[in-house]
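A quick write-up on the structure given underneath.
The values are calculated or read from the model by the stated rules, or taken from the named source; none is laboratory data. Model, not experiment: these values are computed from the prediction. When we count neighbours, we look across all protein chains shown, and the Cβ atoms used for this are built from the backbone with ideal geometry, even at glycine.
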Ligand SMILES: Cc1cc2nc3c(=O)[nH]c(=O)nc-3n(C[C@H](O)[C@H](O)[C@H](O)COP(=O)(O)OP(=O)(O)OC[C@H]3O[C@@H](n4cnc5c(N)ncnc54)[C@H](O)[C@@H]3O)c2cc1C
């Protein structure tokens, strides 16, 4: 439909943009989405803990358990189901009935009654264009680090248990490989295994070539042979400053909703879309409506949690491989409900952080203390 002024114009048709547009449309608002080739398939391997996804989110695979390997013989089995999203079904579910416009947002002009982007007028504009926001004013500060990964699907018998996702395997293939990277592996069938060498957060991220080389060495050491198909590469900032409140609202990665210490955001965007859409208020002026939406994207409580998550990101960024192994050993020894709270961007991480400090062995505790003191308590 061609409305003279939409209630909401969403820029970007990634998971965050479509989830918000769909929720707002379902609540009776006139919504348009502007994105280049809006139904271009999402190619990333999107995963989340199953309990973090809204009911009805389509998945391609779920694993009842997850594994964490810290060193030889030091494994942990996590009894928390993990899920691989079904991108095409999710994209179809979130875009049904939406007005999708093909185009790249170039400029926004705000006036008293509406905002205008590429000739489209709306009371509220939300920029959901990802890690490099198209039209937001963003702070000029560097992120804490970068997450990088090289992944591919191995075709061939792998022998790994099919009911376990390998969440993190920090075992090394060579003693000199001190740069902390881990293997992430999703058994997709007896002869299909998604494998990814990941650097969780690094100020100086390893090159794709070195990640690929490490992955090859690792697979060889594990006796895994087969063809690697559908390579995917991942590089995005972790833990930057939040964009300031402004007339254009942000949602998803553009809003800094990526967990600073893990890199996950998709589950959170899907979860939050309904509440943020509910905050759209046609009785307010466009300026006041935008301000109200910002408060729904970043309520004061989650702003506070984020500064603590940023502290976690800075700690992780400084750890070498052995310190990282010790850190995650202590972390995953905590009860699942406790560490889950740390990974959940919506919950306060204070309790898990205190529990981690209280239960960690002295070297980890010293590391946490020195990193915390050197960066100051937020
Ligand atoms: C290989 C890989 C694997 C990942 N795995 C996971 C995972 O398992 N779980 C997880 O939570 N996260 C994962 N991530 C991170 C995740 O991809 C991002 O955090 C997530 O895509 C952010 O969603 P979003 O909708 O905010 O932005 P995006 O998915 O980046 O979508 C942005 C949209 O904006 C559009 N756009 C860009 N510029 C403009 C413009 N000027 N005008 C209009 N539209 C524009 C784009 O075309 C796109 O449609 C992974 C990332 C990579 C690269």
- request: Filter segment 133-151 for residues that are under 18 Å from residue 250 (Cα atoms) and touching a residue at least 12 places away in the same chain (Cβ under 8 Å) and give the result.
  value: 133, 134, 135, 136, 137, 138, 139, 141, 143
- request: Check residue 225 against each of (1) in a loop (DSSP other than H, G, I, E, B); (2) buried (at least 16 other Cβ atoms within 10 Å of the Cβ); (3) more than 15 Å from the ligand (Cβ to nearest atom) and name the one condition it does not meet.
  value: (2)
field: Condition met for residue 277 (surrounded by 21 or more Cβ atoms within 10 Å (Cβ to Cβ), over 21 Å from residue 50 (Cα atoms) and in contact with a helix residue (DSSP H, G or I) (Cβ under 6 Å, 6 or more places away or on another chain))
entry: yes
message: Residue under question is residue 307, and the condition is that it be over 27 Å from residue 195 (Cα atoms), more than 13 Å from the ligand (Cβ to nearest atom) and touching a strand residue (DSSP E or B) at 6+ places or on another chain (Cβ under 9 Å); does it hold?
response: no
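Name the strands (runs of 3 or more DSSP E) wholly within segment 10-117 that hold at least 1 residues that are surrounded by fewer than 20 Cβ atoms within 10 Å (Cβ to Cβ) and away from the ligand (no atom under 15 Å from the Cβ)? Write out each step before concluding.
Working: elements: 31-35, 47-49, 59-63, 65-69, 75-78, 82-85, 99-102, 108-110, 115-117.
Correct list: 65-69, 75-78, 108-110.
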query: Going by the structure shown, is residue 226 assigned by TED's automatic domain parsing to the domain that holds residue 115 and on the phi > 0 side of the Ramachandran plot?
result: no
- line: Scanning segment 228-248 residue by residue, the ones that are more than 19 Å from the chain's Cα centre (by Cα) and surrounded by 14 or more Cβ atoms within 10 Å (Cβ to Cβ) total 5
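Identify, please: which residue in segment 119-132 is under 13 Å from residue 10 (Cβ atoms) and near the ligand (Cβ under 10 Å from one of its atoms) and is, among those, surrounded by the most Cβ atoms within 10 Å (Cβ to Cβ)?
128
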task: Please work out if residue 163 is in the same structural domain as residue 289 (by TED's automatic domain parsing), in contact (Cβ under 8 Å) with a residue 60 or more places away in the chain and either at negative phi or within 16 Å of the ligand (Cβ to nearest atom) (or both).
output: no
task: Within segment 274-293, track down each residue that is assigned to a helix (DSSP H, G or I) and within 18 Å of residue 31 (Cα to Cα).
output: 274, 275, 276, 277, 278, 286, 287, 289, 290, 292, 293
